[in-house]
Amino acid sequence: MWRFVGRRKRKGWLWLVVERARRRIVGWTLGSRGEAPLRRLWQSLPAHYRRHCWFFTDQRKAYAKVVPRWQHRPCPTGEGQTSIVEAINCSLRQRCGVLVRKSCSFSKSLSMHIARIKIVIEHYNLTL
């Protein structure tokens, strides 16, 4: 999910890892669509998830470089394996104004942006 900090030209991405069974967000990070933020996200996951879970993703090349091959399940768009994440993205957009796609509301500082997203994600996980 993309978002803005400071001005519209400073576009960035919110990466999420969702536990499919409970729909709980177990990891997230902010950054570009490259490999570095994905590596940060991978390292932030609890060891249990990094060792024993499958990861359903879209077909971006960065995933193949970070997620081990035996755990990675790339899915074509429209197949439905990543629809849970898309539904959670919609829920987060409804709860946090800075994540709305065509909003005039966006954070002026990255620290406040991170704080707002953290509060929304923690509240989302508590409501499950």
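None of the figures in this text is laboratory data; all of them are computed from the coordinates on show. Quick caveat: nothing in here was measured; it's all calculated off a predicted structure. Positions of Cβ are backbone-derived with ideal geometry, glycine not excepted, and every protein chain shown enters the neighbour counts.
Taking Cα atoms only, the orientation of helix 110-126 departs from the longest principal axis of the chain by about 60 degrees.
For the chain, averaging the sequence separation of C-alpha pairs within contact (under 8 Å, six or more residues apart) and dividing by the residue count gives a relative contact order of 25 percent.
Distances between placed amide hydrogens fall under 5 Å for THR57 paired with ARG73, CYS75, all partners being 5 or more residues away or on another chain. Per-residue Karplus couplings for the stretch 82-90, computed as 6.51 cos²θ - 1.76 cosθ + 1.60 with θ equal to phi - 60°, are listed in order as 9, 5, 5, 5, 5, 5, 5, 4, 4 Hz, Gly and Pro entered as x.
The tail of the calculated P(r) for the stretch 2-126 beyond 19 Å holds 50 percent of all Cα-Cα pairs. The amide H of ARG3, built 1.01 Å from its N in the peptide plane, has GLY12, TRP13, LEU14 as neighbours under 5 Å, considering only residues 5 or more places off or on other chains. For the peptides 77-83, 33-39, the ranking by packing is 33-39, 77-83, with the highest mean count of neighbouring Cβ atoms within 10 Å listed first. The calculated 222 nm mean residue ellipticity attributable to helices in the chain amounts to -12000 deg cm²/dmol, summing -39500 (n - 2.57) over DSSP H runs of n ≥ 4 and dividing by all residues.
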